[in-house]
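Each value in this text was obtained by applying a stated rule to the coordinates, not by laboratory testing. No experiment lies behind these values; they were computed from the predicted model shown. Note that we place each Cβ from the backbone using ideal geometry, even for glycine, and neighbour counts take in every protein chain shown.
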Amino acid sequence: MLDLKVIREHPEVVRQAVRAKQMPSALGTLNQVLLLDEEHRLLRSDLEANQAQRNASSKRIGDLKRRGEAAGDLIREMGALSDEVKRLEEKSRSLDAQLQSALLELPNIPHESVPYGASEHDNRVMFERGEKPAFDFEAKPHWELAAAHGWIDLAAGVKTTGAGFPVFKGGGARLLRGLIQYCLNALVDAGYTEVAVPLMVNAESATATGHLPDKEGQMYEVTDGFYLIPTSELILTGMHKGDILDAAALPLKYTAASACLRREAGSYGAHVRGINRTHQFDKVEMVQFTHPDESYAAMEAMTGLSESLLDALELPYRRLLMCTGDIGFTQAKKYDLEVWSAGQERWLEVSSVSNITDFQARRLGTRFREGGAQGRGKPELVHTLNGSAFGMARVIAAILENYQDAEGGVRVPVVLRPYVGRERLE
RNA sequence: GGAGGGUUGGCCGAGCGGUUGAAGGCGGCAGUCUUGAAAACUGCAGUAGGGGAGACCCUACCGGGGGUUCGAAUCCCUCACCCUCCGCCA
């Protein structure tokens, strides 16, 4: 959610942001916000004047009664005033509700370093690192390798659940577990606090993080008002809803491994084959709460950390600076990391690091000050960031494809061997 | 699932429907005293919105939302959460 004050004072900035993010429908929302805000403010000053008079008269009635004097006239007078206050309060509530819901539909403002672009084609490749493997045999895509060895059983997933719910078995399951463990340990070593999260969120948290209102129908909605988490970000970020953090404790850094559940409505075709895109996948996520002045530096550090893991896994990758048209609703700036997948000969997005600035924090009410909740001074909104140290499925796809050998087996990346317990999967 | 009890400021804890934004205590900050510290004493301290050049002033907020009333932290309804007991269960 944006700062209403900023919208009011610099509507042109918001207008430009909405255009850059390719959200023309939000232009109408912006105008609506401006109108509702104007109306609401006028109403409030009227309301408050009436309330002030009501309070003063009530006080006088109290005085008169205490002294045993008659207050009948004043009480009769108050009836009308009180009705008016009630009417204005109701109006104000309704306007505020409309304003709040309109406000939820305005996207975050992109950072000045984000290139303008209409679609994913305008993203910029910042650099490419690592050697693409060269084979003297025909490299297979991961789904063939996995099927041949039973590492990933798509059919079993279809039987028990449905398409897009892969079952990992044997070496595949070991590789998955090893990779998760490796990433978590590395992040804990880098100063992140490990968290084990609930797999469902309530609507309030999902709204605060900007995942609701859910126009794309990305989240699975289940009974009792819960949603299955599309990423542990919702929990890691939502944890500090309403908190006033201690400035000295910033940045707070959290990491969690969790299953992620996404509807991915409308996806089809070759690019979703195998485990390129699934409804359920495991992801190790990082979240930071930072001082506003530190968030862009933190973003670089988070991205660098993810990259160092890819370096260690010896996977070739590249970093993309996402353009205005391809960064998400909540995001001010975003980098994607893509790993080269030798069997498919294409880049797979495995990580995405975003600075949300104060967009979530405002809705969450997550602030900081010297001394924390009991401290002094004005609480100020923190900045939140999130990034993945990988969607596991795609990294596994890339490992299978890049590390395959002529015999149809797959070498295990050196750093994973202690976790997987073997040097080669066959 | 059933039956009770609870939710007040950073924390603990008062609070008859009328000067209660809220006693008291703890903790915090500043000062007096002290060579320094402690103790003691004095003072300052919530959040959000609005007005004013400023001193200040107004409004809302006692778990959330509604209601009763001239007036609600106090009465009523409702929802959420927490605790205790029973049942079920990994």
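Couple of notes before you dig in:
- Taking each DSSP H run with n ≥ 4 as -39500 (n - 2.57) and averaging over every residue of chain A yields -13000 deg cm²/dmol at 222 nm.
- Cα-Cα pairs of region A:277-338 separated by more than 18 Å (percent): 49 percent
- Hull volume per residue, based on the alpha-carbon atoms of region A:1-70 and their convex hull, is 98 Å³.
- Using C-alpha pairs below 8 Å separated by at least 6 residues, the relative contact order for chain A is 20 percent.
- With 0.36 nm allotted per residue and the present C-alpha distance subtracted, the residue A:45-residue A:193 stretch has 48.6 nm of extension available.
- The residue A:415 and residue A:121 beta-carbon pair, evaluated with R₀ = 45 Å, returns a calculated FRET efficiency of approximately 0.85.
- For region A:66-139 versus region A:141-163, the spacing of their alpha-carbon centroids is 43 Å.
- Net charge over other residues, Cβ less than 13 angstrom from the Cβ of residue A:282 (K, R count +1; D, E count -1): +3
- Rule-of-thumb Rg ratio for region A:281-426 [Cα; 2.2 N^0.38 Å; N residues]: 1.29
- Filtered GluC sites (Glu not before Pro), region A:73-130: DSSP coil and at most 15 other beta carbons within 10 Å: A:112
- Region A:160-191 residues near the modelled residue A:422 label - backbone nitrogen below 18 Å, point 7 Å along Cα→Cβ: A:168-180
- R0 of 51 Å, Cβ-Cβ distance residue A:144-residue A:5: FRET efficiency to nearest 0.05: 0.35
- Projected label distance in nm at residue A:272 and residue A:25, using a 7 Å step from Cα toward the beta-carbon: 2.1 nm
- Subset of A:65/A:91; A:253/A:334; A:132/A:169; A:140/A:334; A:132/A:334; A:5/A:283 violating a 30 Å alpha-carbon distance limit: A:65/A:91; A:140/A:334; A:5/A:283
- Top of A:173, A:297, A:20 by mean-square fluctuation, Gaussian network on chain A, Cα under 10 Å: A:297
- Taking 0.36 nm per residue of separation and subtracting the current Cα-Cα distance, fully stretching the chain between residue A:222 and residue A:91 would add 43.7 nm.
- Each of residue A:137 and residue A:349 was given a label point 7 Å from its Cα along the Cα-to-Cβ line. The distance between the two points is 3.4 nm.
- Cα-based equivalent ellipsoid, region A:201-321: semi-axes from gyration tensor eigenvalues, Å: 26, 24, 12
- Computed on region A:46-199, with alpha-carbon pairs under 8 angstrom and 6+ residues apart, the relative contact order is 10 percent.
- When the convex hull of its Cα atoms is viewed from all sides, region A:120-425 shows a mean projected area of 16.2 nm².
- Point-to-point label distance, residue A:77-residue A:203, nm (Cα→Cβ direction, 7 Å offset): 4.5 nm
- R0 of 30 Å, Cβ-Cβ distance residue A:66-residue A:241: FRET efficiency to nearest 0.05: 0.10
- Beta bridges assigned by DSSP with both partners in chain A are antiparallel in approximately 90 percent of cases.
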